[in-house]
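Q: Questions regarding the structure given below will be posed in turn.
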Amino acid sequence: MTRRPLIAGNWKLNGTLGQAAELVEHLLPLLPQSSAEVVICPPFTALPAVSAMLAGTTVALGAQDLFWKPSGAYTGQISAAMLKEAGCRTVIVGHSERRGRFGTPDPDMDAAVLASFADNDATVALKAAAAAAGGLAPICCVGETLAERQAGHADAIICKQARAAIGRIPGDCSFSEIALAYEPVWAIGTGEVCDAAEAERICAMIRGVVAEAAGSRAGEAVRVLYGGSVKPGNAVELLAQPNIDGALVGGASLNAADFAAIAAAA
Ligand code: PEP
């Protein structure tokens, strides 16, 4: 089975309306005509404006999070239907910056702020299922901290997170619409990239988890991405790995030329 490469840019807490418009304007002419699916994930507030700018292009829109309930007394939350209405095709779920599992805690971030990033395996499962049921393609993030890797627990933690992330996906959803992103926490925003051979080993392991849980066709169909300091200089080697179907890109997605070069490597 051929899997379409997916390159997703996570803008995080970056992008006022003016900045978002400027970045999209620079990016669109630089993107290659390739078979890869390219998605950008601006902050919630910029989604409708960016959606309008992407109309008629091959670039899709994604959000950085969602809530699993469709409506109700959940102050500050955003549902799958709201994201669809804003023009989203995809949504990131369970990013380590939302699981409250930072590798190197930000000294400005106190315990109360960390606690407000409440995602865990259970909420990630609910969010991924709500996204899939709502017609959004979830990108479910998994990955170990440096301490967990050094303790020899990386594989067990990643498998547990991956199993949980797909555990509630409705039976009628196609796994070609689901992505899992291996994002070692120690490689996110640090400039430290996971060795390509090790990233390939982990991504193959994640595919195996999906195959075991949902069947071999699901394992073949699911897209497994790598994320963690992906840059133009390392993208070619990472994306050449047989079990790495794309990249989730943070910092480099804020630079139009860098993000376009990563997309060209897919
Ligand atoms: C991310 O935020 O998912 C990420 C991989 O960030 P960066 O590319 O900056 O390491």
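Q: Between their Cα atoms, which of LYS12/LYS84; LYS127/LYS231; LYS84/LYS127; LYS84/LYS231 are more than 24 Å away from each other?
A: LYS127/LYS231; LYS84/LYS231
Q: If you take the Cα atoms of region 1-96, find Rg, then find the Kirkwood Rh from the mean of 1/r over all pairs, what is Rg/Rh? All intermediate terms of the calculation are to be shown ahead of the outcome.
A: Values: Rg = 13.9 Å, Rh = 14.1 Å.
Rounded to two decimals, Rg over Rh is 0.98.
Q: While we're looking at this one, here's another question. Calculate the spin-label point distance for ALA156 paired with ASP108, positioning each point 7 Å from the Cα along the beta-carbon direction, and give it in nanometres.
A: The modelled label-to-label distance comes out at 3.7 nm.
Q: Taking LYS69 as the anchor, which aspartates and glutamates have their alpha carbon closer than 15 Å to its alpha carbon, excluding any fewer than eight residues away along the same chain?
A: Within the straight-line limit of under 15 Å, LYS69 reaches these aspartates and glutamates: ASP119.
Q: So how do 233-241, 174-182, 150-158 stack up, highest first, on mean other-Cβ count within 10 Å?
A: On the way: 233-241: 18.2, 174-182: 22.8, 150-158: 14.3.
In decreasing order of mean packing, 233-241, 174-182, 150-158 become 174-182, 233-241, 150-158.
Q: Using θ = phi - 60° and the Karplus form 6.51 cos²θ - 1.76 cosθ + 1.60, what ³J(HN,Hα) does each residue of region 82-94 get, whole Hz, x for Gly and Pro?
A: The phi angles translate into 5, 5, 4, 4, 7, x, 7, 9, 9, 8, 7, 10, x Hz.
Q: To the nearest 0.05, how large is the calculated FRET efficiency for ASP172 and ALA118 if R₀ is 35 Å and r is the Cβ-Cβ distance?
A: About 0.75, to the nearest 0.05.
Q: A further question follows. Before rounding to the nearest 500, sum -39500 (n - 2.57) across all DSSP H runs of length at least 4 in the chain and divide by the residue total; then give [θ] at 222 nm in deg cm²/dmol.
A: -12000 deg cm²/dmol
Q: What's log10 of I(q)/I(0) for region 98-243 at q = 0.16 Å⁻¹, Debye sum over Cα points only, no solvent?
A: -0.88
Q: Now, a different point. Taking amide H positions as placed in the peptide plane 1.01 Å from N, state which residues far from ALA247 in sequence (5 or more) or on other chains have amide H under 5 Å from it.
A: It is LEU6, ILE7, ALA8, TYR226, by chain and number.
Q: What distance in nm separates the two pseudo spin-label positions at THR2 and ALA213, each 7 Å out from Cα along the beta-carbon direction?
A: Spacing of the two 7 Å Cα→Cβ label points: 2.9 nm.
Q: While we're on this one: Relative contact order, percent, of the chain when contacts are C-alpha pairs under 8 Å separated by at least 6 residues?
A: 22 percent
Q: Something else: Could you give me the radius of gyration and the Dmax of the chain, taking only the C-alpha atoms into account and expressing both in angstrom?
A: 17.0, 49
Q: From the phi of every residue in region 192-203, what ³J(HN,Hα) in whole Hz does the Karplus formula 6.51 cos²θ - 1.76 cosθ + 1.60 yield, where θ is phi - 60° and glycine or proline is x?
A: Each residue's phi maps through the Karplus curve to give 8, 9, 5, 3, 4, 5, 5, 4, 5, 4, 5, 5 Hz.
Laboratory data are not the source of any read-out in this text; all were calculated from the coordinates shown. As the structure is a prediction and not an experimental result, all values here were calculated from the model. Neighbour counts are summed over all protein chains in view; Cβ atoms, including those assigned to glycine, are modelled from backbone coordinates with ideal geometry.
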